[in-house]
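Visitor: Sending over a structure as structure tokens; questions will come in a sec.
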Amino acid sequence: MATRLQEIPQEPGVYFMRDASDQILYIGKSKSLRSRVRSYFRDHYHHTPRISVMVMQVVEIEFIVTDTEAEALALEANLIKQHQPHFNVLLKDDKKYPYLCITWSEDYPRIFITRKRRKNSKRDRYYGPYVDTGLLRRTLHLVKRIFPVRQRPQPLF
């Protein structure tokens, strides 16, 4: 494992931790893959019991290098949804990062930022996840100024 840890680059990207049966235990992202992955295997580093159990099961580490941390975030979110690793609890239900929602299921569609994806309406569209919530809010404010659309689920009259 020590030689594998030295092979990991410093660039941003996504890493996979696999167990002896080649199952993906965990998918993570980092702006410095080497530093992040090595942090799991340091003796002095204190982990939660859940992470300690995971680290004991790791036999292989794979990685995908990306150009930016934002690209790594999007890739990580998609891979977690696709593979549903046991130790990834945060992005399975999409609660960590904000999305932009357009409610095409409503008579008067709205556009807003949300952290929860409603699964009851297949017509609504979610875009994201986004890293910078402040930038997302400013962009949405600009879009609403350029395209003034009523933002109510029901009309006033």
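The values are calculated or read from the model by the stated rules, or taken from the named source; none is laboratory data. Everything quoted here is computed from the prediction, not taken from an experiment. Here the Cβ positions follow ideal geometry from the backbone for every residue, glycine too, while neighbour counts run over all protein chains shown.
Visitor: For segment 117-134, which positions are in a helix (DSSP H, G or I) and either within 17 Å of N78 (Cα to Cα) or within 14 Å of the chain's Cα centre (by Cα) (or both)?
Guide: T133, the sole residue that qualifies.
Visitor: On to the next question. If we only count helices (runs of 4 or more DSSP H) wholly inside segment 1-58, which ones have 2 or more residues that are β-branched (V, I, T), exposed (fewer than 11 other Cβ atoms within 10 Å of the Cβ) and at pLDDT below 90?
Guide: The helices (runs of 4 or more DSSP H) meeting that bar number zero.
Yes/no per residue for (1) farther than 30 Å from R34 by Cα; (2) out of contact with any Lys or Arg (no Cβ under 7 Å at 6 or more places or on another chain); (3) modelled with pLDDT under 85; (4) not assigned by TED's automatic domain parsing to the domain that holds Y15:
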residue: V65; (1), (2), (3), (4): no, yes, no, no
residue: E69; (1), (2), (3), (4): no, no, no, no
residue: N78; (1), (2), (3), (4): no, yes, no, no
residue: V89; (1), (2), (3), (4): no, yes, yes, yes
residue: D94; (1), (2), (3), (4): no, no, yes, yes
residue: Y108; (1), (2), (3), (4): yes, no, yes, yes
residue: T114; (1), (2), (3), (4): yes, yes, no, yes
residue: S121; (1), (2), (3), (4): yes, yes, yes, yes
residue: L135; (1), (2), (3), (4): no, yes, no, yes
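Visitor: Also: Of (1) without any contact (Cβ under 8 Å) to a residue 24 or more places away in the chain; (2) closer than 24 Å to V131 by Cα; (3) of a type outside the set (S, T, Y), P9 satisfies all except one. Which?
Guide: It is condition (1) that P9 fails.
Visitor: Touching a residue at least 12 places away in the same chain (Cβ under 8 Å) and more than 16 Å from the chain's Cα centre (by Cα): is that true of F112 in this structure?
Guide: yes
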